[in-house]
């Protein structure tokens, strides 16, 4: 999960990590949020900021999905 407007930790770091893990056959799900800055990704998990992004639903879907085979 990474906000594309993040200038604290650059989004390319998450992309590079996903690429490196995939190259080692590690299943990866990378969610990029076009309008979010660094703190927004986690803030959107809270009730007051939930409308900023679908991070809570995305985490819930990830946690409830079956493990990769």
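Just so it is clear, none of the values below were taken in a lab; they were calculated from the coordinates. Everything numeric in this text was worked out from a predicted model, so none of it was measured. Methodologically, a virtual Cβ is constructed for each residue, glycine included, from the backbone with ideal geometry; neighbour enumeration extends over all protein chains shown.
Which order do the peptides 13-26, 30-43 come out in when sorted by mean C-beta neighbours inside 10 angstrom, highest first?
30-43, 13-26
For residue 42 and residue 29, calculate 0.36 nm times their separation in residues minus their Cα-Cα distance, and state this gained length in nm to one decimal.
Going from the current span to full extension adds 3.0 nm.
Simple spin-label model, 7 Å along Cα-to-Cβ: residue 57 to residue 12 in nm?
3.2 nm
Can you give me the relative contact order of the chain as a percent, contacts being Cα pairs under 8 Å and 6 or more apart?
Contact order relative to length: 33 percent.
Averaged over all directions, how much area does the convex hull of the C-alpha atoms of the range 1-63 cover when projected, in nm²?
The number I arrive at for the range 1-63 is 4.2 nm².
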